[in-house]
Amino acid sequence: MTAISVVLDHTTATALCDPKDPFNEAVAAFYVRASGGFGDLYSPALSLTAHDAERPGLLSCIKRLRSSASRP
């Protein structure tokens with residue numbers, strides 16, 4: 001498998017946290033693959049923080065996803 005890099009900016013984070021978003025499954029697949037050790041995850045903190053001010057709860061969602069992905 002080829003290593004991938006995933007940039008989790010505000011648009012991809014929103015898609016990842018909203019199961020009704022039309023891009024949810026695609027973003028989730030990249031996220032799972034990268035967090036499973038097959039790539040790197042990058043997160044522009046200012047982008048996510050600014051978007052969390054507009055859409056409260058986004059950072060909490062990301063935190064839950066990351067902690068659940070790192071469990072055995």
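The values are calculated or read from the model by the stated rules, or taken from the named source; none is laboratory data. Model, not experiment: these values are computed from the prediction. We work out accessible area using only protein heavy atoms, side chains counted, and drop any ligands, DNA or RNA first. Shrake-Rupley method; radii C 1.70, N 1.55, O 1.52, S 1.80 Å.
Roughly how many percent of the accessible protein surface of the chain is carbon and sulfur, given a 1.4 Å probe and a whole-percent answer? Let's see the in-between values first.
Values: 2980 of 4900 Å².
Using a 1.4 Å probe with all protein chains present, the chain comes out at 61 percent carbon and sulfur.
Amide H neighbours of residue 41 under 5 Å, at least 5 residues apart or on other chains, H built in the peptide plane: list them.
Result for residue 41 returns 6.
With springs only between Cα atoms under 10 Å, which of 34, 13, 26 fluctuates most in a Gaussian network model of the chain?
The residue that fluctuates most here is 26.
Going by accessible area, probe 1.4 Å, with all protein chains left in place, what is the ranking of 38, 23, largest first?
Numbers: 38 95, 23 135 Å².
Ranking 38, 23 by accessible area, largest first, yields 23, 38.
Would you please classify the overall shape of region 1-62 from the alpha carbon gyration tensor, given that a ≥ b ≥ c denote the square roots of the eigenvalues, rounded means a/c under 1.5, and beyond that prolate means a/b larger than b/c while oblate covers the rest?
Working: a/c = 2.63, a/b = 1.54, b/c = 1.71.
It comes out oblate by the Cα gyration axes.
Sequence gap at least 6, Cα distance under 8 Å: using those rules, report the relative contact order of the chain to the nearest whole percent. Please report the intermediate quantities before stating the final value.
On the way: 74 pairs, mean separation 26.4, N = 72.
Answer for the chain is 37 percent.
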